[in-house]
Amino acid sequence: MTIGLARLAELEAAGRPFALATVTWRRGPSSGHVGSKAVVHPDGTIEGWLGGACAQPTVVKAALETLVTGAPALLVLGEADDRPGVRPVPMACSSEGAMEVYVEPVLPKPELWVVGESPAARMLVELAATLGWRSRVVAAEAELDAVGARGYVVVATQGHHDETALERALGTPASYIGLVASEKRASAVLGWLRDRGLGDEALARVRAPAGLDLGHTEHEEMAVAILAELVAFKAAGAGAQTTEVIELETAIDPVCKMEVEIATATWTSDHGEVHFYFCAPGCKKAFDADPEVFLG
């Protein structure tokens with residue numbers, strides 16, 4: 001059963017990373033159909049349907065790779081294809097089918113946490129929301145304890161409690177921590193933090209003053225300058241935009257050359273001192289009949 005758009009929207013709204021695999025072409029006989037979709041989660045589990053057991057380990061492994069690299073992949077299983085950027089996957093199973101699968105990572109948007117009630121803070125939250133980022137104004141510093149590695153924290157309290165807000169932010173794994181202040185004010189705040197025992201490594205995480213240097217600006221322009229810096233920060237890959245995934249251990253079927261997930265392999269054989277894994281009983285039968293044909 002293919003996965004529906006409502007489920008995809010649910011996962012994206014919840015901020016859960018996943019890879020979406022879609023069948024874009026097939027040559028029968030193949031159990032996968034054009035338009036069939038499946039979600040591959042970072043732990044290797046699958047929702048939806050793409051095709052048979054031969055294709056699944058290859059697609060899952062490619063999907064996990066896209067979650068790490070952030071780049072999509074185009075697989076062609078069972079068909080020669082020399083187009084640039086295409087990953088052809090040999091397949092010699094008895095079905096004689098073939099299909100093309102497009103795999104794209106769907107990574108959560110950055111989370112922007114803005115501390116302060118200043119006009120610049122409110123404008124920054126509104127602008128970030130237009131990019132689809134999850135953004136919010138933080139009224140109490142304790143809320144920062146929920147910031148994760150994808151979080152961007154901007155302290156813009158206009159001097160009311162910059163020091164304690166930054167100290168709290170530095171206790172989180174936030175990718176970006178910025179302070180909206182003049183250079184003189186920023187230097188004083190960092191000095192206070194240093195007196196509190198924070199070392200150079202911790203203080204180096206703070207961007208102060210936050211935002212591109214546009215000279216004297218209005219509140220709205222200041223918010224644009226900060227967001228521009230955040231977008232550049234994200235585009236440079238400096239933030240934690242990729243995902244930790246399970247390490248999928250696979251082996252190559254010596255008959256059809258397909259990848260087989262070792263943990264779930266049903267068909268196996270021993271030859272000499274080597275354990276071999278197969279995607280289907282037909283491959284195992286052919287190998288057992290004459291192993292040297294496939295090992296030569």
*Where q = 0.09 Å⁻¹, what log10 of I(q)/I(0) comes from the Debye formula for the chain, counting one point per Cα?*
-0.60
_So for each of 128-134, 118-124 I average, over its residues, the number of other beta carbons within 10 Å; can you give me the resulting order with the highest mean first?_
118-124, 128-134
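If you count, for each residue, the other Cβ atoms within 10 Å and average over each peptide, how do 154-160, 38-44, 8-14 line up from highest to lowest? All intermediate terms of the calculation are to be shown ahead of the outcome.
Numbers: 154-160: 21.9, 38-44: 19.6, 8-14: 13.1.
Packing proxy ranking, top to bottom: 154-160, 38-44, 8-14.
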*Restricting things to alpha carbons, tell me how big region 248-296 is in terms of Rg and Dmax, in Å.*
9.8, 29
*Could you order F276, F294 by accessible surface area, starting with the largest, using a probe radius of 1.4 Å?*
F294, F276
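Counting only Cα atoms, I'd like the Rg/Rh figure for region 78-192, Kirkwood definition for Rh.
Working: Rg = 23.0 Å, Rh = 17.2 Å.
Ratio value, two decimals: 1.34.
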*So, in nm, how far is label A139 from label Q158 when the simple model puts each one 7 Å beyond its Cα toward the Cβ?*
1.8 nm
*asked:* Let's test this: bin the Cα-Cα distances of region 207-296 at 10 Å from zero up to the farthest pair and state each bin's percent.
replied: 14, 27, 11, 9, 11, 13, 11, 3, 0
*Using the heavy atoms of the protein chains alone and a 1.4 angstrom probe, what is the accessible area of the chain per residue in square angstrom?*
50 Å²
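By how many nm would the segment from L131 to A6 grow when fully extended, if each residue of separation counts as 0.36 nm and the alpha-carbon distance is taken off? If you can, show how the numbers build up before the last one.
Numbers: separation 125, 0.36 × 125 = 45.00 nm, distance 2.12 nm.
Going from the current span to full extension adds 42.9 nm.
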*What is the extension gain from A228 to H275, computed as 0.36 nm multiplied by their sequence separation minus the C-alpha to C-alpha distance, in nm to one decimal?*
11.5 nm
*Using a basic spin-label model with each label point 7 Å from the Cα along Cα→Cβ, how many nm lie between L203 and E247?*
3.9 nm
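How much of the pair distance distribution for region 164-204 lies past 13 Å, counting alpha-carbon pairs only, in percent? Don't skip to the answer; put the middle values down first.
Values: 424 of 820 pairs.
Everything past 13 Å amounts to 52 percent.
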*Note the count of lysine pairs whose C-alpha atoms are less than 30 angstrom apart in the chain, limited to pairs 8 or more residues apart or on different chains.*
14
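Can you work out the FRET efficiency for the pair K285 and A263, with r the C-beta to C-beta distance and R0 = 30 Å, to the nearest 0.05?
Numbers: r = 23 Å, r/R0 = 0.75.
After rounding, the FRET efficiency stands at 0.85.
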*P(r), alpha carbons of region 106-153 - 5 Å bins starting at zero, rounded %*: 5, 23, 31, 24, 13, 3, 1
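Can you give the FRET efficiency for V106 and R196, using 1/(1 + (r/R0)^6), R0 = 41 Å, r = Cβ-Cβ distance, to the nearest 0.05?
Values: r = 40 Å, r/R0 = 0.98.
Efficiency computed from Cβ-Cβ geometry: 0.55.
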*Between A188 and E65, how many nm apart are label points set 7 Å from Cα along the C-beta direction?*
5.5 nm
*Between G211, G272, G35, find the one with the highest GNM mean-square fluctuation for the chain; connect C-alpha pairs within less than 10 Å.*
G272
*Which peptide among 82-88, 99-105 comes first, and what is the full order, when sorted by highest mean count of other Cβ atoms within 10 Å?*
99-105, 82-88
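The values are calculated or read from the model by the stated rules, or taken from the named source; none is laboratory data. Remember, predicted model here, so these are calculated numbers, not experimental data. Neighbour counts are summed over all protein chains in view; Cβ atoms, including those assigned to glycine, are modelled from backbone coordinates with ideal geometry. Accessible surface is based on the protein model in full, side chains and every heavy atom, while ligands, DNA and RNA are left aside. Shrake-Rupley method; radii C 1.70, N 1.55, O 1.52, S 1.80 Å.
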